[in-house]
Amino acid sequence: MNDPSTRYRIGPGFQLEVFETYEGMSRKAMEIVSGLVRSKPDSLLCLPTGNTPTRTYELLAIDRNEDPALYDRVRILKLDEWAGLSANDEGSCESYLQKHVLVPLGVDEGRYFGFDGNAPDLEAECRRVTGLLDKIGPIDLCLLGIGVNGHLGLNEPAEVLSDTAHVVELSETSRGHAMIASVKDRPRRGLTLGMGDILRARKIVLLISGKEKRIILRRLLETGVTTMLPASFLRLHPDVTALCDRSASGPHVRGNDVGTM
Ligand code: PGA
């Protein structure tokens, strides 16, 4: 299905592409990932979980069916994790990635990296991930969703943001995320790559879908860089593509300095 998009310039390195449908948005994200892996088969992809990227991952699995060896060297890094949850917990980022990415794309253990949400010492676990990223990085492509509060990964709005992997106190908004709605002891903390880790990625693709993201997308387009809206830091990166669907953009894309391309 063809879903023609409109492209807008948000800043020097930041463009927004609006699709009529979630499917169109997801297809474009899949094409960007697939295209990158074709040009660099051992790409390091940092991947998020949540509702938004699920269709993109399904389309990547279909892409692999058509070209079975395509993802044989790709490396995957988990963006974040809920503290206290492991692969056995339905709501964990680990179980989501296993189900939607690692198994469908045939990514073996040696090519997968990420936080252990159940590590006995969470601070030490973050230091381990920081050291790991020093070795395996930089991230070639960081795919992101956005929280309704503007968080990226679990970098929550705050007076100060962190550069590298760290433990965070979750906002009530994040604690209300559908992923952990049925977890018995809903996590109070999370582990996440830092804003610097994200901004050091060579390329960033931000996915924004659904009408519940309309307000935060509007804020992203209308405000400058502020720690109270972590996603606004994407304005500082030289290569960001935001992909959204019409339900997130609303009928008109507005912002202080937004122009069509
Ligand atoms: P969502 O989550 O894709 O489920 O909306 C994104 C987020 O909260 O970061």
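Numbers below:
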read-out: Whichever residue in segment 217-230 is among the β-branched types (Val, Ile, Thr) and not in a strand (DSSP E or B) and, among such residues, is farthest from His252 (Cα to Cα); value: Thr227
read-out: Residue check, Ala158 within 25 Å of Gly13 (Cα to Cα), more than 17 Å from the chain's Cα centre (by Cα) and either of a type outside the set (S, T, N, Q) or more than 16 Å from the ligand (Cβ to nearest atom) (or both); value: yes
read-out: Test: Asp140 is over 19 Å from Gly13 (Cα atoms) and of a type outside the set (Phe, Trp, Tyr); value: no
read-out: Lone qualifier among Asp257, Asp239, Asp245, Asp197 - being touching a residue at least 24 places away in the same chain (Cβ under 8 Å) and either within 13 Å of the ligand (Cβ to nearest atom) or of a type in the set (Ser, Thr, Tyr) (or both); value: Asp245
read-out: Within segment 17-33, tally of residues that are open to solvent by less than 10 Å² (accessible area, probe 1.4 Å) and among the hydroxyl-bearing types (Ser, Thr, Tyr); value: 1
read-out: In segment 122-153, the residues that are more than 16 Å from the ligand (Cβ to nearest atom), open to solvent by 20 Å² or more (accessible area, probe 1.4 Å) and in contact with a Ser or Thr (Cβ under 6 Å, 6 or more places away or on another chain); value: Thr130
read-out: Condition check for Leu77: more than 21 Å from Ala178 (Cβ to Cβ), within 18 Å of the chain's Cα centre (by Cα), at pLDDT 95 or above and surrounded by 16 or more Cβ atoms within 10 Å (Cβ to Cβ); value: yes
read-out: Counted residues, segment 202-215 - those being within 16 Å of the ligand (Cβ to nearest atom) and touching a Leu at 6+ places or on another chain (Cβ under 8 Å); value: 5
read-out: Tally, over segment 95-121, of residues that are in contact with a Gly (Cβ under 9 Å, 6 or more places away or on another chain) and open to solvent by 30 Å² or more (accessible area, probe 1.4 Å); value: 1
read-out: Members of segment 49-65 found to be closer than 14 Å to Glu31 by Cβ and touching a His at 6+ places or on another chain (Cβ under 7 Å), listed by number; value: Tyr57
read-out: Qualifying residue in segment 41-56 (condition: free of Cβ contacts under 8 Å to residues at least 12 places away in the same chain and more than 15 Å from the chain's Cα centre (by Cα)); value: no
read-out: Residue within segment 83-90 that is surrounded by fewer than 23 Cβ atoms within 10 Å (Cβ to Cβ) and of a type in the set (Ser, Thr, Tyr) present; value: yes
read-out: Filter pass, Thr223 being among the β-branched types (Val, Ile, Thr), more than 25 Å from Ser95 (Cα to Cα), out of contact with any Phe, Trp or Tyr (no Cβ under 7 Å at 6 or more places or on another chain) and open to solvent by 30 Å² or more (accessible area, probe 1.4 Å); value: yes
read-out: Residues located in segment 226-236, provided they are open to solvent by 10 Å² or more (accessible area, probe 1.4 Å) and out of contact with any Pro (no Cβ under 6 Å at 6 or more places or on another chain); value: Thr226, Thr227, Phe233, Arg235, Leu236
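The values are calculated or read from the model by the stated rules, or taken from the named source; none is laboratory data. This is a predicted model, so every value here is computed, not measured. With ideal geometry, Cβ positions are generated from the backbone for all residues, glycine too; neighbour counts draw on all protein chains shown. The protein model used for the area step is the full one, side chains on, heavy atoms only, and it has no ligands, DNA or RNA in it. Shrake-Rupley method; radii C 1.70, N 1.55, O 1.52, S 1.80 Å.
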